[in-house]
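Notes to accompany the following structure.
The values are calculated or read from the model by the stated rules, or taken from the named source; none is laboratory data. Remember, it's a predicted structure, so these values are computed and weren't measured experimentally. Ideal geometry is used to build each Cβ from the backbone, glycine not excepted, and the neighbour counts take in all protein chains shown. Note: accessible area is taken over every heavy atom of the protein model, side chains too, but ligands, DNA and RNA are not part of it. Shrake-Rupley method; radii C 1.70, N 1.55, O 1.52, S 1.80 Å.
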Amino acid sequence: MTDQSTSPAGVLCLVVGPSGAGKDTLLDGARSRLAPTFSFPTRVITRPIDAGGEAHEAVTEACFDALERDGAFALAWRAHGLCYGVRASSLDHLRTGGNVVVNVSRGIIDAARVSYPRVHVFSIRVPEAELRQRLLSRQREDRDAIEARIARATAFRVAGKDVTEIVNDQDPDTGIGRFVAALRSATATP
């Protein structure tokens, strides 16, 4: 990660939450309402481009490792057998006072807090029964894998003065509205 602490900066908005919480839907909706004031970088992922899910820059694991060694990523992590990265160049918007919104792993929050002067975390939550139903309807995993995901989701809560929790348990428009309002509120000039 790059130390940006001496630069005037916008807010680095980190979006976290379990698979099935609706993060991609919220991000897509917010992007359509808030760009270009907010930037929504495309993540680099070691997943084939045609695998479904979010639009991303697909790379091999060897390519990812080389990019990471070369310092190409501002944020990088591994989860669920994949590598994820946010290119350092995609955070340039912060230096000009713009805000950047990115879906990340909860495991990198503390490192981002150290590396960037203005970080706000948006923890997307869904009631357990709703999360289970969403994961089942996707038909990507068996019931045991789904229960393991739910156990991880309910066991870990993100905390801090810089955290806004958003319960995404309604229709997409309501969830997007909540998320957009939270982004605007958290990034308003003090």
Q | Residue among ALA35, ALA111 that is touching a strand residue (DSSP E or B) at 6+ places or on another chain (Cβ under 9 Å) and either open to solvent by 20 Å² or more (accessible area, probe 1.4 Å) or at pLDDT below 95 (or both) | A | ALA111
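Taking the condition of being acidic (Asp, Glu) and open to solvent by less than 20 Å² (accessible area, probe 1.4 Å), how many residues in region 60-80 meet it?
Of all residues in region 60-80, those acidic (Asp, Glu) come to 61, 65, 68, 70.
Remaining after also requiring open to solvent by less than 20 Å² (accessible area, probe 1.4 Å): none.
Counting residues in region 60-80 that are acidic (Asp, Glu) and open to solvent by less than 20 Å² (accessible area, probe 1.4 Å) gives 0.
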Q: State whether the residues of region 55-67 include one that is at positive phi and at pLDDT 95 or above.
A: no
Q: Look through region 135-174, keep the residues that are under 24 Å from ILE108 (Cβ atoms) and of a type in the set (Gly, Ala, Ser), and return whichever of them is modelled with the highest pLDDT.
A: GLY160
Q. If a residue has to be more than 28 Å from ARG95 (Cα to Cα), among the charged types (D, E, K, R) and touching a Ser or Thr at 6+ places or on another chain (Cβ under 9 Å) to count, how many in region 41-85 make the cut?
A. 1
Q | GLU141 being part of a helix (DSSP H, G or I) and free of Cβ contacts under 8 Å to residues at least 24 places away in the same chain | A | no
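So that you can scan it fast, the table gives a plain yes or no per residue for (1) hydroxyl-bearing (Ser, Thr, Tyr); (2) modelled with pLDDT of 95 or more; (3) out of contact with any His (no Cβ under 8 Å at 6 or more places or on another chain):
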| site | (1), (2), (3) |
| --- | --- |
| ASP3 | no, no, yes |
| PRO18 | no, no, yes |
| GLY22 | no, no, yes |
| LEU27 | no, yes, yes |
| ILE45 | no, yes, no |
| ASP50 | no, no, yes |
Q: Check off (1) surrounded by 14 or more Cβ atoms within 10 Å (Cβ to Cβ); (2) hydroxyl-bearing (Ser, Thr, Tyr); (3) under 14 Å from the mean Cα position of the chain (by Cα) for THR46 and give me the number that stays unchecked.
A: (3)
Q) For region 115-149, which residues satisfy the criterion of being in contact with a Pro (Cβ under 8 Å, 6 or more places away or on another chain) and open to solvent by 30 Å² or more (accessible area, probe 1.4 Å)? A) ARG149
Q.
Here is a list: PRO172, PRO117, PRO127. Which entry is farther than 22 Å from LEU183 by Cβ and in contact (Cβ under 8 Å) with a residue 40 or more places away in the chain?
A. PRO127
(Q) The conditions are (1) touching a Leu at 6+ places or on another chain (Cβ under 9 Å); (2) at pLDDT 90 or above; (3) open to solvent by less than 20 Å² (accessible area, probe 1.4 Å), and CYS83 fails exactly one of them. Which is it? (A) (1)
